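Since every read-out is calculated from the coordinates, none of them should be taken as a lab result. In this text the structure is predicted, and so the values were computed from the model without any measurement. All Cβ positions, glycine included, derive from the backbone under ideal geometry; neighbour counts span all protein chains shown.
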């Protein structure tokens, strides 16, 4: 269902209207309640079950609030979900592992060795902090963030066989993801750097301050990454590495929540595309558009046009939970699987050297052609990600939350964070397999339009991702966001974890969201808090 976007109010009108809702120092609480109820409330004000029948209504105050299976699973489906849960926490080891071959397959280079490290308790990864006086930190096993990379080859708007379906051009000898960790002997210089991957990656922060008209301020931080000791440098020239060239583009990627993904996959293409407004025909300053991406499942089934609507990832660069999950299994951990049977660094000098020096037959498949993760393992871990429940809202009768719901609409946050969809019905596939009935026909409130938006230069990574440009990001779902710190107190927001709070995340918005941010900044402190209270109730 398409939500009609409302015209923006002027800053003065916002302040006056919101003052009626939440202000009035001399008014009694009963007066304020009557005034609030007299306003026409937006439809989502009192909605509690954001995932329909797939909502977890009893997990809201728990540190495991994102880890509850959908309550409408059958007994058989729950068994499969729990098996996938165990796989999600499996820590893989270096190949070969004759004692535990089911754990065999890590690396040779990787970012983490289990899913949970990047999606802690099924939520966001931890933001890395610097100790007092520390200027930068080396990314290691505690990092839930990594760098995507590719060669800058301009924009690509119409995927076809002629342009390789807009797939990003990887860096020669490295690929499209920088693996900062390695197994023992992964590199020629392993005695000096025993567990280094393709390169060392360091993180520092750049700080700035945003001031409100009322004199209060918020400090913001922006991650700055630097790369040292890439494996392909020479002793004569430490800057001759392929990944240190001027045409290489990098983009940080932070681990994000994995609940509710099956519901998002069952939103029909038509319902998502109905909200696209690439040329801003309604002149509201917002012009969401889809990302069209290469689909490995279609390619594996010999589809003549292996392209699908992008749905997942920070730039909607993957079309299904299966592609997202199994791509991470092979990419982030180096564990091959039936959808991605080749090692992530196959046919690179680093991999060839590793195989020669170690005599390991670590090519991603065994003599029988079996991948490191089996079909059963792959199906179960994907099903787990598809069937995690959405946590229910909290504090929906709180007056500040109710007022904030109205303000959220008035400043047009709903222009991108569209409140609701209804998932499709019928004989449907998710990632090439039949969709569980519990995902179908659900009225859900994810607060996303699933589209790309220009969020301004402050958040730009300047790297194309299929048809997404360097200033575009997919609208993040807001459901569950208020439990982020309950699940992981160290979690950050936005694609690189730079925002410690929802307020900081709002203040980083620009581009199509610039006016909404300006309206938020023009509010009274009480109104700003009300809007934040509403978001934190989701």
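For the chain, what relative contact order do you get, as a whole percent, if you take Cα pairs closer than 8 Å and at least 6 residues apart?
Values: 1152 pairs, mean separation 129.2, N = 538.
Relative contact order here is 24 percent.
Could you state the angle between the C-alpha long axis of helix 375-386 and the longest principal axis of the C-alpha atoms of the chain, as a value from 0 to 90 degrees rounded to the nearest 10?
Relative to the chain, helix 375-386 is tipped by roughly 20 degrees.
Give me P(r) over the stretch 53-168, computed from all C-alpha to C-alpha distances, binned every 5 Å, as integer percentages.
2, 8, 11, 13, 13, 13, 15, 14, 8, 3, 0
For the chain, I need the span (max minus min coordinate) of the C-alpha atoms along each principal axis, in Å, sorted largest to smallest.
Cα extents, longest axis first: 79, 54, 45 Å.
Once you have the Kirkwood Rh of the stretch 425-526 from its Cα pairs, apply Stokes-Einstein at 10 °C and 1.306 mPa s and quote D in µm²/s.
98
Between the stretch 228-296 and the stretch 321-356, what is the C-alpha centre distance in whole Å?
Value for the Cα centre distance between the two parts: 19 Å.
Stick to Cα atoms and the Kirkwood definition of Rh, then tell me Rg/Rh for the stretch 340-411. Before the final figure, lay out each step's value.
Values: Rg = 24.6 Å, Rh = 17.3 Å.
My calculation of the ratio gives 1.42.
Given points 7 Å out from each Cα along the Cα-Cβ axis, report the residue 211 to residue 246 separation in nanometres with one decimal.
3.8
Expressed as an acute angle from 0 to 90° and rounded to the nearest 10, what is the orientation of the C-alpha long axis of helix 11-22 relative to the principal long axis of the chain?
80
In nanometres, what is the gap between the two model label sites at residue 192 and residue 100, each 7 Å from Cα along Cα-to-Cβ?
Placing both labels 7 Å along Cα→Cβ, they lie 3.3 nm apart.
So how far, in whole Å, is the C-alpha centre of the stretch 83-128 from the one of the stretch 474-517?
27
Along the Cα→Cβ direction, 7 angstrom out, place labels at residue 172 and residue 269. What is the inter-label distance in nm?
It is 3.7 nm.
The stretch 261-420: percent of C-alpha pairs farther apart than 28 Å?
43
Run lengths n ≥ 4 of DSSP H only: what is the helix-derived mean residue ellipticity at 222 nm for the chain, with -39500 (n - 2.57) per run over all residues, to the nearest 500?
Calculated from helices alone, the mean residue ellipticity at 222 nm is -7000 deg cm²/dmol.
What ranking, highest mean first, results for peptides 106-115, 281-290 when packing means the other Cβ atoms within 10 Å averaged over each residue?
Highest mean packing first, the order is 106-115, 281-290.
Subtract the Cα-Cα distance of residue 161 and residue 425 from 0.36 nm times their separation in residues, and report this length gain in nm to one decimal.
Working it through step by step, the gained length comes to 91.8 nm.
For the Cα atoms of the chain, what angle does the longest principal axis make with the long axis of helix 29-38, in degrees from 0 to 90, nearest 10?
80
Go from 0 up to the bin containing the longest alpha carbon distance in the stretch 372-422, width 5 Å each, and give me the % of pairs per bin.
Bin by bin from 0 Å, the calculated values are 4, 14, 13, 15, 14, 9, 10, 9, 7, 5, 1.
Show log10 I(q)/I(0) for the stretch 350-491 at q = 0.16 Å⁻¹, two decimals, from a solvent-free Debye sum over equal Cα scatterers.
Scattering profile of the stretch 350-491, log10 relative to I(0): -1.17.
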